[in-house]
Protein chains: 2
Amino acid sequence: MTWIDIAEDSPFGADNLPLGVFRYGDEEPRIGAAIGDQVIDLAPVASAHMLDGAQLFAQPTLNAFLALGRPAWRATRNWLLDLVRNENDRDTVEPHLIPQSAVTMQLPFEVADYVDFYASEQHASNLGRLFRPDSEPLLPNWKHLPVGYHGRAGTIVASGTDIVRPSGQRKAPDATAPTFGPSQRLDIEVELGFVVGTPSALGTPVSVDAFEDHVYGVVIVNDWSARDLQAWEYVPLGPFLGKSFATSISPWVVSLDALAASAVPLPAQDPPVLPYLAGKNLVNYDITFEVRLNGHVVSTPPYKDIYWSPAQMLAHLTVNGASVRTGDLYASGTVSGPEKNQRGSFIELTWAGREPLLVDGREHTFLEDGDEVTITAWATTAGGTRLGLGKVTGRITPA
Amino acid sequence: MTWIDIAEDSPFGADNLPLGVFRYGDEEPRIGAAIGDQVIDLAPVASAHMLDGAQLFAQPTLNAFLALGRPAWRATRNWLLDLVRNENDRDTVEPHLIPQSAVTMQLPFEVADYVDFYASEQHASNLGRLFRPDSEPLLPNWKHLPVGYHGRAGTIVASGTDIVRPSGQRKAPDATAPTFGPSQRLDIEVELGFVVGTPSALGTPVSVDAFEDHVYGVVIVNDWSARDLQAWEYVPLGPFLGKSFATSISPWVVSLDALAASAVPLPAQDPPVLPYLAGKNLVNYDITFEVRLNGHVVSTPPYKDIYWSPAQMLAHLTVNGASVRTGDLYASGTVSGPEKNQRGSFIELTWAGREPLLVDGREHTFLEDGDEVTITAWATTAGGTRLGLGKVTGRITPA
């Protein structure tokens with residue numbers, strides 16, 4: 001299939017070809033494609049092939065490429081597929097293969113607006129049970145619209161960035177006043193992020209059918225969360241400092257075209273959704289995450305049962321006329337499956353800290369200084385082949 | 001004081017000199033300073049004066065200038081003050097004065113992250129009474145921290161941009177399911193916006209004392225709001241589509257240096273705030289807004305009694321380690337005074353539509369198609385002189 005050596009268990013086979021931004025030595029950061037354990041340095045290869053827009057690959061972010069739109073994305077993908085399949089291209093490509101171990105991956109795109117949804121029924125139900133034990137776990141609006149809110153775009157960081165434990169206000173239920181200090185309930189949120197390429201016009205909603213015209217691809221998102229800060233601040237205007245200190249994303253953006261073979265139908269929605277959220281071909285993806293704490297697997301959240309399609313999230317986000325821009329990122333919200341070991345946050349995995357996890361012989365609840373969390377994800381096709389999204393990782397440093 | 005003719009009632013006297021971005025005919029948008037009813041075209045004047053960085057004024061946004069930091073902002077202001085005071089500069093400046101009536105003002109800066117606070121006690125109390133009539137109007141956290149949330153940066157628009165009535169879901173209290181349609185409760189929010197110039201580092205809070213190191217100046221903000229969409233969506237993650245369709249800002253950014261003469265002490269805070277929010281010289285500004293609906297004054301909200309200082313808002317926003325970027329905008333939240341005709345939104349002015357306003361002989365509640373809202377603002381010094389922030393305006397067009 002390709003003249004490039006690829007380990008059988010590599011996330012980045014010859015059909016994947018995700019794009020990212022790498023730094024190699026002292027050279028300027030630029031765009032590469034991942035294949036096996038190597039990076040194709042795209043700018044010189046595209047120049048050698050006299051590709052239109054070859055200079056876009058010399059840029060330090062994917063934004064200009066993302067702005068080109070789906071026909072150009074698809075043409076680029078086809079060119080890349082040819083490069084790695086065609087033995088004739090070996091001479092021009094091979095000199096520009098760089099080991100991934102020799103590069104430092106950067107944030108792949110400059111984030112415009114960041115929206116975080118809340119699309120997993122299991123997760124929303126779990127948090128409802130934890131925060132409002134005396135009422136229905138799901139709030140009345142939850143099955144009528146994909147609940148979401150805006151997060152902080154400027155604190156989205158590259159995988160590998162250390163996460164400084166945030167400080168802030170918290171208040172114990174029986175205390176009369178809040179206290180200030182480092183978060184004692186630092187947590188993760190395992191999410192899938194959708195990267196917008198083609199912008200839309202202010203005042204014009206994006207229909208569910210236009211999802212693939214606007215969204216280029218996906219990344220893994222870890223939306224670090226300080227549960228104690230969040231609990232005290234979030235009524236009535238939603239999460240703020242409990243989330244805004246950092247959100248990590250994986251470095252390789254996997255295209256929807258590569259993911260297409262892993263598309264699965266959206267589970268049935270009941271009650272029926274309003275017409276602007278309805279569609280015949282609403283898509284989900286058969287993706288499974290794997291969460292490791294200090295190297296040990298603690299959870300394997302499945303994406304495919306999530307309640308809301310990413311096409312519905314985009315349609316909802318824009319139905320009031322809000323525009324999207326190149327570089328917008330919207331994330332699914334925490335992905336949790338029905339099994340205990342499929343929950344996408346420690347507040348769920350440890351039931352608010354009351355049921356510690358045993359990890360390598362030690363009890364764990366929320367994150368401690370020095371803890372390292374790595375999330376990997378794999379998409380599975382109907383044929384059983386796998387395609388990786390890579391990983392996002394971060395280590396907690398003291399406040 | 002200046003060789004330039006300025007009408008006595010002009011918002012833009014010789015001490016103000018706010019910066020903005022104008023478009024003149026077919027020429028590229030670039031940076032100007034307002035004086036009287038004219039714009040000083042700064043790029044050619046700065047070039048003629050061989051000013052370092054003169055080319056920054058030829059840019060289509062203020063961002064590069066904002067990134068220079070306070071010493072450069074102050075030096076630029078001093079240069080501008082000299083230009084308009086010094087008769088000797090008349091020959092180089094006069095050819096580059098353009099009537100404001102001949103230019104189209106643009107969005108003055110590219111917005112990075114947008115945060116909206118909720119800092120007016122009168123406003124928060126009014127909304128508490130309207131939304132939660134059976135409990136305390138202020139929630140327990142309100143006097144301990146400046147409540148805030150992230151808004152949509154990509155839909156911040158220049159003054160004068162038409163506002164398309166947003167559509168979305170709403171649910172009547174007694175209905176079993178939501179319906180979809182154009183908002184029936186379209187509203188304004190009168191706010192003061194703070195424009196960040198100097199960025200901060202991730203992981204490092206900005207203290208209350210560093211406010212003037214980071215914030216360049218202020219604009220008037222109209223945070224258009226669809227109350228029916230907001231009411232149905234906002235629990236538990238806060239406002240989303242009810243706000244994200246558009247936020248208008250005034251075109252001229254008034255510097256903190258120009259505003260300094262209008263600084264007033266912050267009213268006493270009780271209970272005392274936590275140490276990271278405390279400071280000896282917490283500042284507020286003596287600014288009064290004037291809200292016109294179709295040309296008729298309907299409200300005059302005063303800024304000076306607002307509960308939280310902008311220095312506290314910035315300290316809170318960053319205390320968890322979140323960084324700020326050049327172009328960040330954070331707004332006060334709706335400004336409402338104690339009097340009925342000082343409320344900064346129609347939901348308050350008409351008490352959720354139950355007490356219509358009589359405007360030019362007609363009853364008004366929420367905004368109708370064709371309505372035009374214009375907000376002006378003036379700062380007043382201890383000596384009684386006035387300095388204008390200009391205006392922000394927008395007209396509602398049908399869904």
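The values are calculated or read from the model by the stated rules, or taken from the named source; none is laboratory data. The shown structure was predicted, so the numbers you read here are calculated from the model rather than taken from an experiment. Every residue, glycine as well, gets a Cβ built from its backbone with ideal geometry; the counts of neighbours run over all protein chains shown.
Rundown of residues vs (1) touching a Pro at 6+ places or on another chain (Cβ under 6 Å); (2) touching a residue at least 12 places away in the same chain (Cβ under 8 Å); (3) buried (at least 23 other Cβ atoms within 10 Å of the Cβ), yes/no style:
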| position | (1), (2), (3) |
| --- | --- |
| B:Leu97 | no, yes, no |
| B:Phe117 | yes, yes, yes |
| B:Ser125 | yes, yes, no |
| B:Gly148 | no, yes, yes |
| B:Arg152 | no, yes, yes |
| B:Ser159 | yes, yes, yes |
| B:Ala177 | no, no, no |
| B:Gly181 | no, yes, no |
| B:Asp187 | no, yes, yes |
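Of the candidates A:Ala263, A:Ala268, the single residue that is of a type outside the set (D, E, K, R), surrounded by fewer than 21 Cβ atoms within 10 Å (Cβ to Cβ), free of Cβ contacts under 8 Å to residues at least 40 places away in the same chain and closer than 30 Å to A:Arg74 by Cβ is A:Ala263.
Filter the stretch A:242-281 for residues that are within 14 Å of chain B (Cβ to nearest Cβ), farther than 29 Å from B:Arg325 by Cβ and hydroxyl-bearing (Ser, Thr, Tyr) and give the result.
Keep residues of the stretch A:242-281 that are within 14 Å of chain B (Cβ to nearest Cβ), which gives A:242-248, A:269-278.
The next check asks that each one be farther than 29 Å from B:Arg325 by Cβ; those that pass are A:269-278.
Across the stretch A:242-281, the qualifying residue is only A:Tyr276.
Taking the condition in contact (Cβ under 8 Å) with a residue 60 or more places away in the chain, closer than 30 Å to A:Glu110 by Cα, within 14 Å of another protein chain (Cβ to nearest Cβ) and assigned to a loop (DSSP other than H, G, I, E, B), does A:Pro239 pass?
Judged against the criteria, A:Pro239 is a match.
Number of residues in the stretch B:267-304 that are out of contact with any helix residue (DSSP H, G or I) (no Cβ under 8 Å at 6 or more places or on another chain), of a type in the set (A, V, I, L, M) and within 25 Å of B:Val392 (Cβ to Cβ) equals 3. Within the stretch A:308-335, residues that are away from chain B (no Cβ under 12 Å) and surrounded by 24 or more Cβ atoms within 10 Å (Cβ to Cβ) sit with their Cβ atoms under 7 Å from residues that are assigned to a loop (DSSP other than H, G, I, E, B) and of a type in the set (Val, Ile, Thr), at 6+ positions apart or across chains, in these pairs: A:Leu314/A:Val206; A:Ser332/A:Ile306; A:Val335/A:Ile306. When residues in the stretch B:368-391 are screened for being in a strand (DSSP E or B) and farther than 22 Å from B:Asp228 by Cα, 13 of them pass.
Out of all the residues in the stretch A:188-198, is one or more within 17 Å of A:Leu314 (Cβ to Cβ) and part of a loop (DSSP other than H, G, I, E, B)? The answer is yes; a qualifying residue exists.
Might you check whether a residue that is at pLDDT 95 or above, more than 28 Å from A:Asn341 (Cα to Cα), away from every other protein chain (no Cβ under 11 Å) and part of a strand (DSSP E or B) occurs anywhere in the stretch A:213-230? Yes, because at least one residue in the stretch A:213-230 is at pLDDT 95 or above, more than 28 Å from A:Asn341 (Cα to Cα), away from every other protein chain (no Cβ under 11 Å) and part of a strand (DSSP E or B). Against the numbered list (1) over 28 Å from A:Pro11 (Cα atoms); (2) of a type outside the set (Lys, Arg); (3) within 8 Å of chain B (Cβ to nearest Cβ), A:Gly181 comes up short only at (3). Residues in the stretch A:86-93: is at least one within 24 Å of the chain's Cα centre (by Cα), away from chain B (no Cβ under 14 Å) and β-branched (Val, Ile, Thr)? No, there is no match, as no residue in the stretch A:86-93 is within 24 Å of the chain's Cα centre (by Cα), away from chain B (no Cβ under 14 Å) and β-branched (Val, Ile, Thr). When A:Ala172 is tested against the conditions (1) more than 11 Å from chain B (Cβ to nearest Cβ); (2) within 30 Å of B:Ala177 (Cβ to Cβ); (3) surrounded by fewer than 24 Cβ atoms within 10 Å (Cβ to Cβ); (4) not charged (D, E, K, R), the lone failure is (2). Exactly one residue out of A:Leu107, A:Leu130, A:Leu139 is among the aliphatic types (A, V, I, L, M), in contact with a strand residue (DSSP E or B) (Cβ under 9 Å, 6 or more places away or on another chain), within 14 Å of chain B (Cβ to nearest Cβ) and surrounded by fewer than 23 Cβ atoms within 10 Å (Cβ to Cβ), and it is A:Leu107.
Any residue in the stretch B:243-259 that is part of a helix (DSSP H, G or I) and under 26 Å from B:Arg395 (Cβ atoms)? Yes: the stretch B:243-259 contains one or more residues that are part of a helix (DSSP H, G or I) and under 26 Å from B:Arg395 (Cβ atoms).
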